Amino acid sequence: MSINRFLKTFILATVLATATVVAQTPYDEGQKALREQNWTQAAELFEQAIKADKQQADASMYWRAHALYKAGRKAEAERQVRTLERKYPDSRWVKEAQVLKIEHNGTSQVIAGATDASGMDEELRMFALAQLMDRDPERALPLLLEAMQSTDSESVRSDALFMLGMSDDPRAQQAIARIARDSKDSELQASAIHMLGISSTQPSIDLLASLYRESDSVQVKQAVIQAYMIGDESGELVEILTGLLKNEANPELQIEIIRTLGLMDATDELTRLYPTLESHETKVAALEAYFLAGDTKTLRQVLETETDPELRKTAIQGIAMEDDDDAAALLESIYDNASTTEEKKAVLESLVMMDDAQDLALKIVRTETDVELRREAIHMLGVMEATEEMGALYASIEQMELRKLILESMMIADDTEGLQKVLKSEKNDELRAQAIQMLAISDDEDAGRYLVELYPQGSRTEKKAVIQSMMIMENVEGLIELLKTETDPELKREMLQMLTLMDSEASDKYLFEMLENKG
């Protein structure tokens, strides 16, 4: 992955990190698809979940196999079960996969491997209930509710809750509602609340609103907010969340609601609410929500009126990350009209999030009079891997310090070809030494051979730089090759000192040979 793409991805992840608690994962979406009996979509989503979250890949494999069986794709389901057994032999989901075989491959072999001397254990009873809830829910539901009430196992309660969520029986929905309202197990209660959101029935929506109003628990209220996001993105749910935001005094919950509205693309409501937001944190959350919803138009409108430097910086970053056709032109205008160095830096830092901002960075280097900003723009060219622009800039600029910065930026961009071009034409020993060191730091596979071949024709300054570069690259063979041909005592001494510090079999062998031959 290129440095540009890595940093862009990193910054985007930072902006979204605090919103991930409300974002639906492929696993969550897969569960929703199971409830809707969309078996093919569920299988695809759980396949994504296997790759996206290794910590629960075993669970995703199980549910993918379940969906494949339901879709009539038995051979694929069997392969998925075998993969689960091979990769996660100690996972509880391996045992749960046996319930799939109960229905599709007969029961005798599975039960024989899943019972002990006392008969059917708790887990196997849950396996059987999972299938019976599909085949005969009228009889299985009371047994499931009884098992849920009598067990001390968190995993059994969690599995039972999931089975309740898969059922359309009113008694199952009532049980979920009771857990959401009364459970003392916070994790189980949150899961039940989320299921209310998935169902999106009017009674569920009303119960969520009631839970939010009546609860003093921040965790419960957060679960309700997440449940609204998990549910259908209807105007009614957006209206409910907007009402909660107006009446909520807790800043943490205000921010959670704002980000959820952003994920639900409810930017019109946020635009109306933005002037009424009192805290800096909630305004930042609103600006991030605009970006989550892809609403750069509102971000631009904010920049026309907002005076807070940090809020302006957040808006600038949001525009840059959207990277639409007009973003570069808008950022150029913001830069040209900025009254502070800090805002100009914010524009420069945001350029790394864009794919085609090299021309703007280059223009800033050429026209900016502030040395610090010029340095920052040169650094951004390196991060953006603008190799052609950096080569042209190096040839046209005369200041020594700026040329050194360009060489550093070439290294950041892994532009070994550009550094070698500099070494072919540059006459200044100090700059040549800098280019040599940057080439070594780039750690290109061919850089070591190139520097060894460059060494004989180099000045003393260059030779010292090459010797240091061998140390940087840990290139023992290259350093020994130079040492064998060097006649200058001082340079040979420096190479030997470097060699003694390089902990390798080749360096030790060479040093022993020298010492023993002299002895």
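Quick look at the values:
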| quantity | calculated |
| --- | --- |
| Accessible area of MET148 in the full protein assembly, 1.4 Å probe (Å², nearest 10) | 20 |
| Rounded to whole Hz, the Karplus (6.51, -1.76, 1.60) HN-Hα couplings of region 369-380, x for glycine and proline | 9, 6, 4, 4, 5, 5, 4, 5, 5, 5, 4, 5 |
| Note, ³J(HN,Hα) from phi for region 426-439, Karplus 6.51, -1.76, 1.60, rounded to Hz, x at Gly and Pro | 6, 9, 6, 4, 5, 5, 5, 5, 5, 4, 4, 5, 5, 5 |
| Amide hydrogen neighbours beyond the local backbone of MET502, cut-off 5 Å, H modeled | none |
| Under the Karplus curve 6.51 cos²θ - 1.76 cosθ + 1.60, θ = phi - 60°, whole-Hz ³J(HN,Hα) for region 250-260, x wherever Gly or Pro sits | 6, x, 4, 6, 4, 5, 4, 5, 4, 5, 5 |
| Gap separating the Cα centres of region 396-424 and region 471-519, nearest whole Å | 30 |
| Radius of gyration and maximum dimension Dmax of region 189-248, Cα, Å | 10.2, 27 |
| In Å², nearest 10: area of ILE258 left accessible to a 1.4 Å probe | 0 |
| Computed lengthening from ASN247 to ARG171, 0.36 nm per intervening residue step minus Cα-Cα distance | 24.0 nm |
| Debye log10 I(q)/I(0) for the chain, one point scatterer per Cα, at q = 0.05, 0.07, 0.11 Å⁻¹ | -0.36, -0.64, -0.99 |
| Dipole of region 236-333, positive direction: furthest Cα of ALA286, THR307, ALA329, with charges on the beta-carbon | THR307 |
| Accessible area of the chain divided out per residue, in Å², using a probe of 1.4 angstrom | 50 |
| Helix-only [θ]222 nm of the chain, DSSP H runs n ≥ 4, -39500 (n - 2.57) each, per residue, nearest 500 | -24000 deg cm²/dmol |
| Distance between modelled label sites at LEU501 and ARG213, nm, 7 Å Cα→Cβ extension | 7.2 |
| Accessible-area composition of the chain, carbon plus sulfur, in percent [1.4 Å probe] | 47 |
| Per DSSP, loop GluC sites (Glu not before Pro) in region 218-327 with at most 10 further Cβ within 10 Å | GLU278 |
| Segment LYS54-ASP508, length gained on full extension (0.36 nm per residue, minus Cα span) | 159.1 nm |
| Relative contact order [Cα under 8 Å, 6+ residues apart], the chain, whole percent | 7 |
| Selection from LEU402, SER350, GLY458, by position along the positive dipole direction of region 316-459 (Cβ) | GLY458 |
| Check: region 316-440 dipole with +1 on Lys, Arg Cβ and -1 on Asp, Glu Cβ, in debye | 800 |
| Separation of the ASP90 and GLU430 label points, Cα + 7 Å toward Cβ, nm | 6.1 |
| With at most 13 neighbouring Cβ atoms within 10 Å, loop trypsin sites (Lys or Arg not before Pro) (DSSP) excluded, longest segment of the chain | 185-426 |
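The values are calculated or read from the model by the stated rules, or taken from the named source; none is laboratory data. The model shown is predicted, which means the values in this text are computed figures rather than measured ones. Virtual Cβ from ideal backbone geometry, glycine too; neighbours counted across all protein chains shown. When the accessible area is computed, the model is the full protein with side chains, heavy atoms only, and any ligands, DNA or RNA have been set aside. Shrake-Rupley method; radii C 1.70, N 1.55, O 1.52, S 1.80 Å.
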